[in-house]
Amino acid sequence: MKKNILSFSLLLFICVKTFADEGMWLPQLLQALNEKEMKRMGLKINAADIYSISKSSLKDAIVSFGGFCTAEVISDQGLLLTNHHCGFDAIQNHSSVENNLIQKGFWAYQKEQELQNQGLFATFIERIEDVTKEITNNVTPSMTEKERQSQVDKNINQLKKDFKKENFEDILIRPFFDGNKYYLFVTKTYRDIRLVGAPPASIGNFGKDTDNWMWPRHTGDFSMFRIYADKNNNPAAFSADNVPYKPKRSLKISLDGLKEGDFTMVFGFPGRTNEYLTAAAVKQVMTVNDPAKIAIRAKALEVLNGFMRKDEKIKIQYAAKYAGIENAYKKWQGEVLGLHSTNAVQKKLSYEASFMQRVNANPVWKNSYGNLLANLSVAYKGIEPYSYARDYYNEITPRIELMGIAADMNSLVTAFIKDSSSYANRKEEVLAKLEETFKEYDASVDKKMFETLLELYVTKQQAVYISPMLQQSLNRQQQSYSAIASDVFGNTAFASLEKIKTILNQTPQEAVNAIKLDIAGNLYTDIFTSFATNVSPKLNEMQATINQLQRKYMQAQLDVFKEKNFYPDANSTLRVTYGNVKGYRARDAVSYDFYTYMDGIMEKYKPGDYEFDVPQKLIDLYNKKDFGQYAVNGRQPVCFIASNHTTGGNSGSPALDAYGNLVGLNFDRVWEGTMSDINYDASICRNIMVDIRYVLFIIDKYAEAKNLIAELQLVHPKKTVKKS
Ligand code: ARG
Ligand code: GLU
């Protein structure tokens with residue numbers, strides 16, 4: 001009997017716990033849409049404690065970090081926590097062969113040691129407002145997509161002009177639900193962001209590419225920064241006179257960890273999802289676009305690998321680029337696998353069938369929405385060759401850096417034609433930019449990249465999309481890509497900063513003449529022009545049709561499935577996602593636990609390996625079990641997983657417990673669940689977080705940065721609850 005009651009309550013527990021998980025919710029709508037469910041799942045605070053504009057709330061501790069990641073304020077002196085891979089570019093910029101911070105890590109034991117980072121910023125969201133009415137004013141259903149966009153842009157500009165704000169605030173207006181809704185964000189951006197701490201990459205990126213997108217994970221993926229403000233606590237350009245920012249809110253840190261089933265939420269800036277695509281569109285991603293991009297990146301990585309393994313300087317120069325290319329390369333592979341294994345296309349088809357059933361049963365809907373899906377299918381079929389050509393162009397031209405340099409140099413010709421001050425200004429900009437580019441540039445790497453990727457560009461595409469100039473040179477040089485590469489790199493001035501400076505030191509007229517004659521400049525122009533003539537116009541026209549249809553389809557879904565709670569696709573705006581800590585069943589007979597411990601680091605440890613080596617000091621601490629207050633029953637937790645729905649941009653986002661205390665740092669998703677950007681599946685989609693106690697252990701015991709620990713507010717919520 002007792003056993004029956006137990007299993008009954010267990011069943012009830014499971015039913016209650018398997019609620020939502022899916023969704024990236026707007027913080028200002030939590031109270032209306034999610035609060036009840038969140039509390040049912042275990043939340044112990046109110047929606048207004050998460051987002052409020054009248055009192056301090058958790059949102060006041062969250063920032064967009066450089067526009068590509070999330071970070072959170074964890075002390076009353078503006079200390080920021082984010083991922084190691086989010087701070088990586090900054091860490092790399094402060095590194096050299098003699099002083100390699102990627103390898104050694106970095107810790108500021110005093111504020112004077114903190115390092116300035118040009119261009120890095122942290123943006124707070126002050127408040128969010130629905131401005132749909134203002135932005136869709138004078139927009140009519142009969143407008144073409146172009147007409148609509150110009151009316152929307154006009155309304156946005158008008159509203160930005162009229163909107164009352166302080167002069168240190170900015171306004172951002174973004175479309176949601178494919179343009180069926182518009183929200184306005186009042187933001188405050190700080191631009192003096194200094195590097196405070198980072199573990200060595202052997203801890204911060206332990207397992208590197210082999211473990212990336214994988215569970216079980218043992219990565220201490222964190223780094224620390226500090227926001228500096230002027231004397232009034234407002235944003236200011238870098239200055240030695242700036243002082244640590246005093247936040248409206250900083251997160252308390254829980255030392256209690258989570259157990260299976262516990263509520264958790266992630267608060268941050270997810271970049272982009274496509275959850276409302278049709279079956280036809282999903283199929284295209286799986287069979288055309290992802291495979292094209294994967295094939296190109298495989299080649300690019302092969303090229304970089306060849307150089308980076310042999311040359312220490314190149315390894316540092318290309319570290320961030322390599323990680324970026326590899327990251328999406330691996331993700332897309334997981335995405336394709338996951339879309340297959342979860343029958344995403346079939347799932348979308350049955351969703352569409354029930355959509356059509358409801359539409360057909362209602363004459364008004366039938367009239368306006370009856371042909372939507374059929375039209376979308378036609379539109380996706382039509383765009384296919386152009387989207388493939390776009391992927392080739394977008395993947396290849398940025399990888400061959402000479403192409404980007406040529407684009408910058410060519411822009412001087414355009415500026416020169418305009419007037420002399422445009423030329424002078426542009427020259428300053430280009431020089432400043434190229435100064436940075438060449439710090440992380442090696443012409444022999446780029447030459448190999450040029451040779452390798454242009455071969456793909458020519459052989460994997462229809463002839464109509466290929467640059468005629470490249471075609472002709474190939475014909476002249478017996479189809480040899482290496483001969484063309486030698487010709488271009490042997491004769492261009494654009495692969496060397498010295499030569500570029502020599503050109504730009506001449507009179508503007510002489511410089512422009514030289515630029516116009518450059519072989520790389522001309523080739524870039526031809527590749528660009530052939531894309532701009534043969535791909536862009538059709539692509540844009542068809543994309544406009546698709547955008548219009550997707551907007552209507554989104555509206556139709558909102559109308560037809562009234563009982564459903566919809567969330568808008570991610571668009572780099574602030575969101576809350578919530579779920580429960582839990583493992584998952586990956587495939588037949590394979591199930592994953594939800595926590596990892598330092599024992600797992602030692603299991604993976606391979607001395608001398610570039611991915612799985614760890615510092616001796618970490619091993620010593622492990623052997624002595626010197627974990628301080630951060631261990632559980634003598635074992636040091638490292639990472640855990642939960643069913644929070646996250647995506648790129650959520651890196652560095654805080655993982656919070658039911659009380660809003662910081663328990664971890666989001667940094668990845670599991671391999672089987674990387675298709676969640678297109679088809680979230682609660683049974684296998686898990687986000688990966690580093691346990692905050694591992695972060696603290698590294699700061700406290702490994703780095704011995706007691707100064708940083710002293711700034712934090714550490715709490716024991718579970719003990720407090722037990723006592724009361
Ligand atoms: N996959 C994670 C994300 O999408 C982590 C990437 C950084 N790590 C790496 N090995 N490249 O950003
Ligand atoms: N690592 C990702 C990022 O940089 C987060 C993982 C994901 O895509 O979910 O934002």
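Any read-out appearing in this document is the output of simple, stated calculations on the displayed coordinates, not a laboratory observation. Keep in mind that this is a model prediction, so the values were computed, not measured. Glycine gets a Cβ as well: all are built from the backbone with ideal geometry, and neighbour counts include every protein chain shown.
Placing R0 at 45 angstrom, the Cβ-Cβ distance between Lys625 and His94 gives a FRET efficiency of 0.85 after rounding to 0.05. A Förster radius of 45 Å combined with the Cβ-Cβ distance from Asp593 to Lys562 puts the calculated FRET efficiency at roughly 0.65. Would you work out if the stretch 257-299 is rounded, prolate or oblate? Take a ≥ b ≥ c from the square roots of the eigenvalues of the alpha-carbon gyration tensor; rounded if a/c is under 1.5, else prolate when a/b is larger than b/c, oblate otherwise. Prolate, because a/c is 1.5 or more and a/b exceeds b/c.
For the stretch 382-516, the square roots of the Cα gyration tensor eigenvalues, ordered a ≥ b ≥ c, give a/c of at least 1.5 with a/b greater than b/c, which places it in the prolate category. You can think of it this way: the chain between Leu172 and Arg309 has 45.0 nm of extra reach, that is 0.36 nm per residue less the Cα-Cα gap. Put the Cα centre of the stretch 216-260 next to the Cα centre of the stretch 493-509 and the gap is 43 Å. Above 19 Å, the calculated P(r) of the stretch 507-658 contains 78 percent of its Cα-Cα pairs. Counted over the stretch 611-722 with a bin width of 5 Å, the fraction of Cα pairs per bin, in whole percents, is 2, 10, 17, 19, 18, 15, 11, 6, 2, 0. Annotation for Glu704 and Lys418: the two label points, set 7 Å from Cα along the Cα-Cβ direction, are 5.6 nm apart.
Remark: spin-label model distance Ala361-Ala432 equals 6.2 nm, labels positioned 7 Å along the Cα→Cβ axis. Distances between placed amide hydrogens fall under 5 Å for Ala586 paired with Ser591, Tyr592, all partners being 5 or more residues away or on another chain.
About its Cα centre, the dipole of the chain is roughly 1940 debye, where the only charges are +1 on Lys and Arg Cβ and -1 on Asp and Glu Cβ.
Take Asp241, project a point 7 Å from its Cα along the Cβ direction, then tell me which residues of the stretch 114-152 have their backbone nitrogen under 12 Å from it. Within reach of a label on Asp241, which here means backbone N under 12 Å from a point 7 Å along Cα→Cβ, the stretch 114-152 contributes nothing.
When Rg and Dmax are taken over the Cα atoms of the stretch 309-367, they come to 22.6, 69 Å.
If you average the alpha carbon positions of the stretch 125-179 and of the stretch 417-443, how far apart do those two centres end up, in angstrom? Here the two parts' Cα centres lie 34 Å apart. Here the Karplus curve 6.51 cos²θ - 1.76 cosθ + 1.60, taken at θ = phi - 60°, turns the phi angles of the stretch 326-334 into couplings of 5, 4, 6, 4, 6, 4, 4, 5, x Hz, with x standing for Gly and Pro. Rounded, prolate or oblate: which fits the stretch 158-243 when a ≥ b ≥ c are the square roots of the eigenvalues of the alpha-carbon gyration tensor, with rounded for a/c under 1.5 and prolate only if a/b beats b/c? Oblate shape, in that a/c is at least 1.5 and b/c is the bigger or equal ratio. Can you check what the net charge comes to around Leu402, using other residues whose Cβ is under 13 Å from the Cβ of Leu402 (Lys, Arg +1; Asp, Glu -1)? Summing Lys/Arg as +1 and Asp/Glu as -1 gives -3. Residues in the stretch 523-536 carry Karplus couplings, in order, of 5, 4, 4, 5, 5, 4, 5, 5, 5, 5, 8, 9, 10, 3 Hz; the curve used is 6.51 cos²θ - 1.76 cosθ + 1.60 with θ = phi - 60°, and Gly or Pro positions show x.
Sorting Leu431, Leu339 from the fewest to the most surrounding beta carbons within 10 angstrom yields Leu431, Leu339. Semi-axes of the equivalent ellipsoid for the chain, computed as √(5λ) from the eigenvalues of its C-alpha gyration tensor and ordered from largest down, come to 41, 35, 27 Å.
Net charge in the neighbourhood of Leu115 (other residues with Cβ under 14 Å of its Cβ; Lys, Arg +1, Asp, Glu -1) is 0.
Structure note, pairs Lys299/Lys499; Lys44/Lys582; Lys104/Lys299; Lys133/Lys562: Cα-Cα distances above 23 angstrom occur for Lys299/Lys499; Lys104/Lys299.
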